[in-house]
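Heads up: the structure comes next, in structure tokens.
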Amino acid sequence: MNNDLRLIINASKFAAEYHGGQVRKGAVARPYITHPLEVARIILEEGGIADVEVLAAAILHDTIEDTGASREDISEKFGDRVCSMVLECTDDKRLDKDDRKRLQIVNAPGKTAGAAVIKLADKIANVRDITFYPPNWTAERKSEYIQWATQVVAALPSGNEKLRKVFAKAVSEFQIKANL
């Protein structure tokens, strides 16, 4: 088997097992694994980025933050580069939500190219979910999320113009649907 395919399949299996039983916020309550797979799809299909380690890290980007997976699990199974990108995309859940959100903006400029792409695709996926699979949030909370996500994306290192345009379109679709 091709090693690139093996990495993607193993990352998908690992993420699916660790995210097993978790669901996305929203009335549809889609299985959580749809989110990291969508982030990887956005990077590949809409961003035109085929770096398999970036794609594997995208699939794994929430496993340390939201499951019992550890840094050692990721590093051992997927290598140091994948682990490093996952760690760059991991919030410290010991901090309160406001601090985590603030730190995403503060830390965005220092992201490596791979982590920046993952973060950008993650925000695209989240904005689309809020637009098309909305969580049970007030209109104000949805708008606040969009404003914050826009700040994170703006703070990321320059580059990835293709994905930045995709993000801008996702925000525009939200605004149209929300009548803003």
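The values are calculated or read from the model by the stated rules, or taken from the named source; none is laboratory data. The structure displayed is predicted, hence computed values, not measured ones. All Cβ positions, even for glycine, are placed from backbone atoms using ideal geometry, and neighbour counts span all protein chains on display. Just the protein is used for accessible areas: all its heavy atoms, side chains included, with ligands, DNA and RNA removed. Shrake-Rupley method; radii C 1.70, N 1.55, O 1.52, S 1.80 Å.
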Checklist entry - Among 161, 140, which is the only one that is exposed (fewer than 13 other Cβ atoms within 10 Å of the Cβ) and either polar (S, T, N, Q) or under 23 Å from residue 52 (Cα atoms) (or both)? => result 161
Checklist entry - Out of all the residues in segment 17-39, which are among the hydrophobic types (A, V, I, L, M, F, W, C), in contact with a helix residue (DSSP H, G or I) (Cβ under 8 Å, 6 or more places away or on another chain) and either open to solvent by less than 10 Å² (accessible area, probe 1.4 Å) or part of a loop (DSSP other than H, G, I, E, B) (or both)? => result 33, 39
Item to check | When residues of segment 62-74 are limited to those that are open to solvent by 20 Å² or more (accessible area, probe 1.4 Å) and farther than 17 Å from residue 126 by Cβ, the one nearest to the chain's Cα centre (by Cα) | outcome: 64
Checklist entry - What number of residues within segment 77-87 satisfy the criterion of being under 14 Å from residue 18 (Cβ atoms) and open to solvent by 60 Å² or more (accessible area, probe 1.4 Å)? => result 1
Checklist outcome for this item: Only unsatisfied item for residue 22, checking (1) within 18 Å of residue 121 (Cα to Cα); (2) within 16 Å of the chain's Cα centre (by Cα), is (1)
Checklist entry - Which residue out of 153, 171, 166 is touching an Asp or Glu at 6+ places or on another chain (Cβ under 9 Å), under 29 Å from residue 50 (Cβ atoms) and not acidic (Asp, Glu)? => result 166
Checklist entry - How many of the residues in segment 89-114 are within 23 Å of residue 31 (Cβ to Cβ) and either over 18 Å from the mean Cα position of the chain (by Cα) or of a type in the set (Asp, Glu) (or both)? => result 1
Checklist entry - Of everything in segment 1-16 that's under 13 Å from residue 56 (Cα atoms) and free of Cβ contacts under 8 Å to residues at least 12 places away in the same chain, which residue is surrounded by the fewest Cβ atoms within 10 Å (Cβ to Cβ)? => result 3
Next on the checklist: For segment 45-61, give me the residue count where each residue is in contact (Cβ under 8 Å) with a residue 40 or more places away in the chain, open to solvent by 10 Å² or more (accessible area, probe 1.4 Å) and either farther than 16 Å from residue 120 by Cβ or of a type outside the set (Val, Ile, Thr) (or both).
Outcome noted: 7
Item to check | Members of segment 25-40 found to be more than 11 Å from the chain's Cα centre (by Cα) and of a type outside the set (Ser, Thr, Tyr), listed by number | outcome: 25, 26, 27, 28, 29, 30, 31, 33
Checklist entry - residue 86 is checked against (1) closer than 16 Å to residue 59 by Cα; (2) over 16 Å from the mean Cα position of the chain (by Cα) and fails just one. What number does that condition carry? => result (2)
Next on the checklist: Give me the helices (runs of 4 or more DSSP H) completely within segment 55-115, filtered to those with at least 1 residues that are within 13 Å of residue 152 (Cα to Cα), touching a helix residue (DSSP H, G or I) at 6+ places or on another chain (Cβ under 8 Å) and β-branched (Val, Ile, Thr), ordered by residue number.
Outcome noted: 97-107
